[in-house]
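Below is one structure; the comments refer to it alone.
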Amino acid sequence: MAILSNSDFLSNKTLPVKLIRRDPQEAYGLHSHEFSELVIVYRGSGDHLIHGERRPISAGDVFLIRGQTRHGYENLHGLALCNLLFDLHETANPLFALRRYPLLRRLTALEPGRIAERRFHLTPEEMPRIMEVLNAIEEEQNGRNEDYPSAMAALFVLLIVRLSRFFHDAEPEQDGGPQALYRLLNELSDRSAEAWPRTRMAKVAGMSVSTLTRQFRRATGYAPNEYLQRLRLKKSTMLLLNPELSISEIAERTGFSDSNYFCRQFRARYNVSPQKYRKLRNG
């Protein structure tokens, strides 16, 4: 399974997002990426493979693919997508300071998962207002005029505002429902260096440990502890870009109490030692 890295698609770390049109979208086998991806289907139809399921998609559908989530596309019929790639954990991203802002957290409501049967679909009246913002983002991205990263960040926030307003009438979730699990995912992202036994995760999500384990794997494709470790390792790659931080400090900041264990897990994940990764990235 292919794993698409930030360096392949988000090499300019000062850009808040990167917009890619896939028109038409070609069949794409199961893959994952380090970054997150907001997808707007604006024409055609096909099947979205995610969480071990085949989900039909068509013009008007909007969904979020979190980093590390396995997914792909098959059985396509003129499918055209706008993909917005972003990484809110990247400190150089203009949106980094807003990552805990409630508005950006609403993106999680657009994440498909087997725990949620909700499907977000734009009406023919709503689609032009969303395409208007997407076209403006693309114009700023291609024009590269003065302060265009700031303009793109502002437009991305406007996009989330419009999507949020279109979906504001979604039914409220009960404790232990999809939104409870999404709250847990946000907590893990914000506080990944802390100790997270499954009992704590279950309490945050409002469900039993056994239900959490089952629902978590269905939603993310990973067991809770595996997901947390991948998240910690992802954050360590950003800290490694700071030459003033020692490997031991980075291990501690990302939740690894043993730097040797951190180095072993890092090598297993990225096929290179933290020291070598730092040297390659910093030149």
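The values are calculated or read from the model by the stated rules, or taken from the named source; none is laboratory data. Nothing here was measured: the structure is a model prediction, and the numbers come from that model. Please note: Cβ atoms are built from the backbone with ideal geometry, for glycine as well, and neighbour counts cover all protein chains shown.
Checking each residue in region 248-283 for being of a type outside the set (Ser, Thr, Tyr) and closer than 18 Å to Glu194 by Cα picks out Glu249, Ile250, Ala251, Glu252, Arg253, Gly255, Phe256, Asp258, Phe262, Gln265. Test Leu88 against the criterion of being surrounded by 18 or more Cβ atoms within 10 Å (Cβ to Cβ) and at pLDDT 90 or above, and give yes or no. No; evaluated as a whole, the condition is false for this residue.
Being in a helix (DSSP H, G or I), modelled with pLDDT under 90 and over 23 Å from the mean Cα position of the chain (by Cα) holds for only one residue in Leu212, Leu280, and it is Leu280. Output the residues belonging to region 131-150 that are modelled with pLDDT under 95 and of a type in the set (A, V, I, L, M). Once the filter is applied, which keeps residues that are modelled with pLDDT under 95 and of a type in the set (A, V, I, L, M), region 131-150 yields nothing. Of the residues Tyr261, Tyr222, the single one that is outside any helix (DSSP H, G or I), out of contact with any Cys (no Cβ under 7 Å at 6 or more places or on another chain) and surrounded by fewer than 18 Cβ atoms within 10 Å (Cβ to Cβ) is Tyr222. Which of the residues belonging to region 52-67 are surrounded by fewer than 22 Cβ atoms within 10 Å (Cβ to Cβ), touching a His at 6+ places or on another chain (Cβ under 8 Å) and over 20 Å from Thr123 (Cβ atoms)? Selection gives Arg54, Gly67.
Out of the residues in region 17-38 that are hydrophobic (A, V, I, L, M, F, W, C) and buried (at least 21 other Cβ atoms within 10 Å of the Cβ), state the one that is nearest to Tyr148 (Cα to Cα).
Val17
Of all residues in region 32-78, which are touching a Ser or Thr at 6+ places or on another chain (Cβ under 6 Å) and under 16 Å from Met131 (Cα atoms)? Hit for region 32-78 is Ser58, nothing else.
Of all residues in region 242-258, those satisfying the criterion of being under 19 Å from Gln229 (Cα atoms), within 24 Å of the chain's Cα centre (by Cα) and in a loop (DSSP other than H, G, I, E, B) are Thr254, Gly255, Phe256. Would it be correct to say that Gly221 is small (Gly, Ala, Ser) and in contact with a Leu (Cβ under 9 Å, 6 or more places away or on another chain)? So Gly221 fails the test.
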